[in-house]
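The values are calculated or read from the model by the stated rules, or taken from the named source; none is laboratory data. Note that this is a predicted model, so its numbers are computed, not measured. In this analysis, Cβ positions are derived from the backbone assuming ideal geometry, glycine residues included, and neighbour counts consider all displayed protein chains.
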Amino acid sequence: MSVSKLLGVTLSGVALLAGLGITLAIAADPAAIVSQEGRKFTPGDITVKKGDMVRFVNDDFYGHNVYSETEGNGFDIGLQAPGETRDVVLEKLGIVDVHCRIHPRMRLKITVTE
């Protein structure tokens, strides 16, 4: 299978994204995998290196909306249905506080190191 078919984009689409200043990150394996199950993140505390990818897996029977408002590492993956995975790349050193918009008691601490 070609890379373009695997990614679901054409090479001209990649060139267009690059021309718009949009970076397309392609990584084989995440540095960490975080499960969402039972209204909690597992593990609840992880350490990754700057530029690493963290994969969020919804192992619950209901949706989650994982986000962080940490300056420099903010993100919002939107509504994540059961069984879905979403990836986030963290680029700034420090502590990233992660929450779920649907379940406010869910907390995750990601430490980003050099």
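A quick yes/no check of all residues on (1) of a type in the set (G, A, S); (2) farther than 14 Å from V112 by Cα; (3) touching a strand residue (DSSP E or B) at 6+ places or on another chain (Cβ under 6 Å):
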residue: E37; (1), (2), (3): no, yes, no
residue: F41; (1), (2), (3): no, yes, yes
residue: D45; (1), (2), (3): no, no, yes
residue: E71; (1), (2), (3): no, no, no
residue: F75; (1), (2), (3): no, yes, yes
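So, in the stretch 90-114, how many residues would count as being part of a loop (DSSP other than H, G, I, E, B) and over 15 Å from R39 (Cα atoms)?
Qualifying residue count, the stretch 90-114: 5.
Output the residues belonging to the stretch 63-84 that are in contact with a Leu (Cβ under 6 Å, 6 or more places away or on another chain) and buried (at least 18 other Cβ atoms within 10 Å of the Cβ). Quick ask: steps written out before the conclusion?
Step one: of the stretch 63-84, the residues in contact with a Leu (Cβ under 6 Å, 6 or more places away or on another chain) are 63, 65, 73.
If the condition is that a residue be in contact with a Leu (Cβ under 6 Å, 6 or more places away or on another chain) and buried (at least 18 other Cβ atoms within 10 Å of the Cβ), then N73 is the only one that fits.
In a strand (DSSP E or B), within 19 Å of E114 (Cα to Cα) and not β-branched (V, I, T), is that true of D87?
Judged against the criteria, D87 is not a match.
Give D97, D60, D87 a once-over and let me know the one that is surrounded by 17 or more Cβ atoms within 10 Å (Cβ to Cβ) and not hydroxyl-bearing (S, T, Y).
D60
Sort out which residues of the stretch 45-61 are of a type in the set (A, V, I, L, M, F, W, C) and assigned to a strand (DSSP E or B), and write them in order of number.
Across the stretch 45-61, the qualifying residues are I46, V48, M53, V54, F56, V57.
Being under 17 Å from E37 (Cα atoms) and hydrophobic (A, V, I, L, M, F, W, C) is the requirement here; does V66 meet it?
Yes; evaluated as a whole, the condition is true for this residue.
Kindly indicate whether A18 is at pLDDT below 55 and over 24 Å from I110 (Cβ atoms).
yes
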